[in-house]
Amino acid sequence: MSLDYVKFTPGFGKFMPKEYRDMVDFGPFGKKTSVSQVGTFKEILEEHPMCAGCAMTLFIRLAMIAFPNPEDTITVGTAGCGRLAISQAAIPFVYGNYGDQNGVASGLARGLKLRFGDKPKDVVVMAGDGGMADIGFAQTLHSWFRKEKFTTIMLDNEVYGNTGGQESGMTNKGQVLKMAPLGKKFEKMDMLGMAKVAGCAYVATVVPNNPRRVESVIKKAVLIAREVGPTYIQAYTSCNIEYAIPTEKVLEDCNVVENDRYKFSEYISDEAKEALAHLYGYKEYLPKPAKAIE
Amino acid sequence: MYLVAHIDTEICANTSCKLCTQFCPEANTILYNNNAGKDIGLKYGSAYVAVDRCKGCAQCVWVCDNMAKHNAIKMEMIDQIGDQALTENITYSEKNSTAILASPIRG
């Protein structure tokens, strides 16, 4: 968990694969990289087996670029499509058994705090809607109620994409799927409302059709989780297989869904605003000067 | 044979948008060479595709046609592209990534 763990033992560099050598020399570790520089540095995400044109992959890629300190970050995931890509990155990945990801992350965040004290060590949970809102629902909500200091990101594709198209708690009412031929009978779960009730310091929805916005949301969420408390991001990452979206129309679908039911929203608690303004130089959250009395 | 994305350097190097590099779902696939257009007298650098990583989803084509409105990216058969960038020929430097272009993959 320091910059040294990505470096070679002296003398062994020339035997390593090219991708690894590029990562050590031109990766984002220890530098400030942003989405606008992408294409000119080696990204920490590598080749992965996810479907061509998957919006979830795009979101994961942008999230990996946006981590404020990638060398001090551990990702936690669970069964589902997302972990196929998240596990192929040059940062540690912990696989929580199905639904356990927020419980595993709780212990991990506490352990890192005990071991490293005030040094920033970030834990980021990235799991699908099924792993988080259905099977891991209790552990997710309990970790929020306990105010565990880590970031939770839901990759919401509104279906069980990995197992053939069953409805999940986050599927919209009336949606017909391959394994839900009569259409879903219940409303989509309001995880955003529950996150606010459970006391998350930062709650946001985002669609990956705006890379700079994804970057800013992830940076804020990770920094707030470091200082204040749990943070939650719900990202719409369409499943182009189960929802039969042609790959070249995936971003068009993102635009349609964003305008329809996934508008960008952001909730920041007052404590989190103060932490961002004073510790990380976010000027927009500084207290406004009082108006002059007329 | 299969389709991969191909970026027209002459159109791309007239603009500085870089949108396709941000919207590709594959990492390290659409890269940016700051010097690509300058040797042919154009103002900016150009994006290029590492063809061995491209999965052919054509999202970059939609982004270039509809968001950037430059129409610089087309899907082409991999053996029809003149010079190709392969991961093993790509070198990174500060604020740049350049590729030694190889001849087309035949067969």
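For residues in the range A:86-130 being surrounded by fewer than 20 Cβ atoms within 10 Å (Cβ to Cβ) and among the hydroxyl-bearing types (S, T, Y), which is modelled with the lowest pLDDT?
The residue in question is A:Y98.
How about the range A:45-69: which of its residues are within 13 Å of the chain's Cα centre (by Cα), more than 8 Å from chain B (Cβ to nearest Cβ) and of a type outside the set (V, I, T)?
Hits for the range A:45-69 are A:M56, A:F59, A:A63, A:A66, A:F67, A:P68.
What number of residues in the range A:178-188 are within 26 Å of the chain's Cα centre (by Cα) and either surrounded by 13 or more Cβ atoms within 10 Å (Cβ to Cβ) or of a type outside the set (D, E, K, R) (or both)? So that I can check it myself, show each step before the final result.
Kept after step one, since they are within 26 Å of the chain's Cα centre (by Cα), are these residues of the range A:178-188: A:187-188.
Remaining after also requiring either surrounded by 13 or more Cβ atoms within 10 Å (Cβ to Cβ) or of a type outside the set (D, E, K, R) (or both): A:188.
The number of residues fulfilling the criteria is 1.
Can you tell me how many residues in the range A:26-36 are out of contact with any helix residue (DSSP H, G or I) (no Cβ under 9 Å at 6 or more places or on another chain) and either surrounded by 14 or more Cβ atoms within 10 Å (Cβ to Cβ) or closer than 24 Å to B:D52 by Cβ (or both)? Explain how you work it out, then say what you get.
Of the range A:26-36, the ones out of contact with any helix residue (DSSP H, G or I) (no Cβ under 9 Å at 6 or more places or on another chain) are A:26, A:31-32.
Add one more test, that the residue is either surrounded by 14 or more Cβ atoms within 10 Å (Cβ to Cβ) or closer than 24 Å to B:D52 by Cβ (or both), and what stays is A:26.
Summing the residues that are out of contact with any helix residue (DSSP H, G or I) (no Cβ under 9 Å at 6 or more places or on another chain) and either surrounded by 14 or more Cβ atoms within 10 Å (Cβ to Cβ) or closer than 24 Å to B:D52 by Cβ (or both) in the range A:26-36 gives 1.
Taking the range A:189-200 only, how many residues are surrounded by fewer than 24 Cβ atoms within 10 Å (Cβ to Cβ), outside any helix (DSSP H, G or I) and not acidic (D, E)?
Going through the range A:189-200 one residue at a time, the tally reaches 2.
In the range A:183-211, how many residues are more than 23 Å from A:A138 (Cα to Cα) and touching a Leu at 6+ places or on another chain (Cβ under 9 Å)?
Of the residues in the range A:183-211, 4 are more than 23 Å from A:A138 (Cα to Cα) and touching a Leu at 6+ places or on another chain (Cβ under 9 Å).
If a residue must be in contact with an Asp or Glu (Cβ under 9 Å, 6 or more places away or on another chain), within 12 Å of chain A (Cβ to nearest Cβ) and farther than 21 Å from B:I100 by Cβ, how many such residues does the range B:1-25 contain? Even if it seems obvious, please write down each step before you answer.
From the range B:1-25, those in contact with an Asp or Glu (Cβ under 9 Å, 6 or more places away or on another chain) are B:1, B:3-6; that's our starting set.
Checking which are within 12 Å of chain A (Cβ to nearest Cβ) leaves us with B:3-5.
Subsequent filtering for residues that are farther than 21 Å from B:I100 by Cβ retains B:3.
Total satisfying the criteria: 1.
Looking only at the range A:141-171, which residues are more than 23 Å from A:G183 (Cβ to Cβ) and over 14 Å from the mean Cα position of the chain (by Cα)?
Passing the criteria: A:L141, A:H142, A:S143, A:W144, A:F145, A:R146, A:K147, A:E148, A:K149.
Give the residues of the range B:34-92 that are within 11 Å of another protein chain (Cβ to nearest Cβ), part of a helix (DSSP H, G or I), in contact (Cβ under 8 Å) with a residue 40 or more places away in the chain and more than 11 Å from B:I7 (Cβ to Cβ), sorted by residue number.
Residues satisfying the conditions are B:V63, B:M67, B:T87.
Counting only residues that are in contact with a helix residue (DSSP H, G or I) (Cβ under 7 Å, 6 or more places away or on another chain) and loosely packed, with under 15 Cβ neighbours inside 10 Å, which one in the range A:13-25 is nearest to the other protein chains (Cβ to nearest Cβ)?
A:K18
In the range A:27-58, what residues are at pLDDT 90 or above and of a type in the set (F, W, Y)?
Hit for the range A:27-58 is A:F41, nothing else.
Can you tell me which condition A:P10 does not meet? The list is (1) out of contact with any Ser or Thr (no Cβ under 8 Å at 6 or more places or on another chain); (2) surrounded by fewer than 21 Cβ atoms within 10 Å (Cβ to Cβ); (3) in contact (Cβ under 8 Å) with a residue 12 or more places away in the chain, and all the others hold.
Every condition holds for A:P10 apart from (3).
The values are calculated or read from the model by the stated rules, or taken from the named source; none is laboratory data. All values reported here derive from a predicted model rather than from experimental measurement. Methodologically, a virtual Cβ is constructed for each residue, glycine included, from the backbone with ideal geometry; neighbour enumeration extends over all protein chains shown.
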